[in-house]
Each structure stands twice: as structure tokens, then as C-alpha cells.
């Protein structure tokens, strides 16, 4: 991998992926980060990277649906590897307005695959980053395997399922060297504050209400973001073409338990002022439509074939996450206030 195109690299996982690769001593290539800078794309998350790695990191503002812009990147930089993160990813937003999810997640992926077909002679790997939500909902028992049937419940998960199928079809039909990863719920630094864990951390710090859907009994498998990024690199370098790898954290927890853990750790770090315990701030709200009960990943394939294992437990990962949000108050403020959008408008033309 000499010239890697990372789509959506200003998002949560993409930014962590770029940071991780550039920090590796054995990486000798270039990363070209193409991001359209929608609301969840924040180039400030990589501002120091752009300075430290000026010779091997390049940012281009581009929409993956714009095939001409993406082709220009592939040609100009001699792209031989694509890691495709770019996606609309928030379930609630997909319920309120699914159109953007269809365009970015399905049409955008299709445009990239068409370019892979056109430049097949120079492409070594197209890696598609997906989600465990494509599999639908589990009962109290069982795990999602790579051969589990797809049963998406939201416009978001349906759009990701469609893109997964497109990627596989382009491998089968055109021989494009693809890999796919379906991951469980990520958490860690630089995550947009609308997601569960950063939302709960920030609200709990300010002693605001902590809204939990239903009774908080929905179960998710939690994966620290740097463990996920390490898995992606291993799949890209060592994974078999055409294969799918599930990536999980061996960490099933009810949403309520996650929120309670955040409350208890923050109480330990900084005593609350308006309540006795932050758990008192938890408020149960109306459940969202089509809310899957349980996700759980069987990641034995990547562990067996690529010798990947998560390094962080939930206990260690959540402490690191709490510390990051408490230490990076300026980043948090600029995201929550929308000031980062003004910075984007100032530095990047639309």
C-alpha cells in the first residue's frame, strides 16, 4: 500500500484510522483523505496531522458521489488502495431523512466501485467499512457471523447492507480485489457528540438530563476505536480478497449499563454538584422506531486467520474516552457550538 485513498477520513473512525497508520514506523506511503465535510466531518480532528505529516498526508474536499472529482484524485495521486469509510451513519437521522443515506452510502459506494473497475490495473485493494447493523436484531442468544443473513431494520442499516452487496458483486463479477469489515459499536476520541457515549459523557459532566431510549435494555457490543482501526489495517494487508471479517470487542452491554458506568466513573473523578449521584440524571424516553434489541459479534474468523484481538476492555477503553473528552474541551466546544463549521467555510471552499 503506497498511495491510500481514505474516504470520509475527517469522521470519527476515519480520523483515528489515519492517525494510527501515520504513527506506525513501518508505513512509508501516502494517505489522501477525501471528505465532503458534511456536519460530522471535522478536519480540525486532523489539524496537527496535516502539519506533522505534510509530506505524506494530503486532504481533498470531495464528495464520493462526484465521480469526476474522485477520478481526479485516483489519477493525480496514483491511488493503489482505497479504504472506504465515507457514510452517513446516524440511525435517528436516517429515520428523519433517509435521502442522504441512500445517496452517500449506496450511490457513493457505486461510484467508487465503478472507478475501481476503470482503474483495475493499478488497484491492489478496496476495503469497505460496514456495520453489524446490517444483520438486524438478535434475541437473547446467538452471535452475528460473517454468513449470517442480512435483515436491516433502519434506512441507515438498509443502505449499508445495499453497499455491502454491491462490493461483493463487483468482486464476483469484475474481480475487484475487495474486503469488507462489519464492526460493532465504536467509541473513543473524536466521536461526534450525537452518539450515545460522548453524549452521555458531556451531558453528565454538565449534570444535564441523560436520555435513554425505552428502558435501556438494548444490548450492543462495544469496540474501542483504535482496536477497530488496527483490525482494518490487518484486513487490508493480510485479508483474503473477497472475504468479509466481523470485528467486535467481546463486550456486550445494555445501553443502561453503559450510561450507568459513565455516571459512576465521572462521580469518582469529579463529584456532582446538583445531584447526589449522576445516575439520578437518567431519563427514559420514548423508544425509536425499529430499535434492534441486541447486536453481538462473533469475531473468531479475524482472530483465527489474522491473529487480531482487541487490546482494550470496556473498562480501560471507557476510562481513556472519558479522559480524552475532559482534556479536549476546546474541540468539544467547537463541535457542539458549530464553530468548526465556520472554520471549514473559512479554509475550504464549498
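Each value in this text was obtained by applying a stated rule to the coordinates, not by laboratory testing. Since this is a predicted model, take the numbers as computed values, not measurements. When we count neighbours, we look across all protein chains shown, and the Cβ atoms used for this are built from the backbone with ideal geometry, even at glycine.
A compact table of results
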quantity: Residue 122-residue 271 pseudo-label distance in nm [points 7 Å out on the Cα-to-Cβ vector]; calculated: 6.3
quantity: On Cα atoms only, tilt of 12-23 relative to the major axis of the chain in degrees; calculated: 60
quantity: Computed over region 10-123, Cα set: Rg, Dmax in Å; calculated: 14.6, 44
quantity: Rounded if a/c under 1.5, otherwise prolate or oblate - region 174-221, Cα gyration tensor axes; calculated: prolate
quantity: Gyration tensor verdict on region 198-237 (Cα atoms; rounded if a/c is under 1.5, prolate if a/b is larger than b/c, oblate otherwise); calculated: oblate
quantity: Exposure proxy ranking, count of Cβ atoms within 10 Å, fewest first, for 265, 113; calculated: 265, 113
quantity: Using alpha-carbon coordinates, inclination of helix 255-269 to the longest axis of the chain, degrees; calculated: 70
quantity: Mean separation of Cα contacts under 8 Å, 6 or more apart, over the residue count of region 190-321: relative contact order %; calculated: 39
quantity: Listed peptides 99-112, 19-32, 274-287, 222-235 by packing density, highest first (mean Cβ within 10 Å); calculated: 222-235, 99-112, 19-32, 274-287
quantity: Largest-first principal axis extents of the Cα set of region 193-283 (Å); calculated: 55, 26, 21
quantity: Residue-averaged [θ]222 nm for the chain, counting only DSSP H segments that reach four residues, each worth -39500 (n - 2.57); calculated: -12500 deg cm²/dmol
quantity: Convex hull of region 89-222 built on C-alpha atoms - directionally averaged projected area, nm²; calculated: 10.0
quantity: Relative exposure of 312, 303, judged by other C-beta atoms within 10 Å (fewest first); calculated: 303, 312
quantity: Relative contact order (percent, whole number), the chain, Cα cutoff 8 Å, 6+ residue spacing; calculated: 18
quantity: Residue 76-residue 311 pseudo-label distance in nm [points 7 Å out on the Cα-to-Cβ vector]; calculated: 3.4
quantity: Rounded if a/c under 1.5, otherwise prolate or oblate - region 284-350, Cα gyration tensor axes; calculated: prolate
quantity: Contact order normalised by residue count of region 79-136, Cα under 8 Å, 6+ apart, percent; calculated: 56
quantity: Extended-chain gain in nm, criterion 0.36 nm per residue less alpha-carbon gap, residue 169 and residue 100; calculated: 22.6 nm
quantity: Largest to smallest principal axis extent of the C-alpha atoms in region 200-350, angstrom; calculated: 54, 44, 34
quantity: Gap separating the Cα centres of region 287-329 and region 196-265, nearest whole Å; calculated: 4
quantity: Additional length obtainable on full extension of the chain from residue 217 to residue 341, 0.36 nm per residue less Cα span; calculated: 41.1 nm
quantity: Largest-first ellipsoid semi-axes for the chain, taking √(5λ) over the Cα gyration tensor eigenvalues, angstrom; calculated: 32, 24, 19
quantity: Using alpha-carbon coordinates, inclination of helix 109-118 to the longest axis of the chain, degrees; calculated: 20
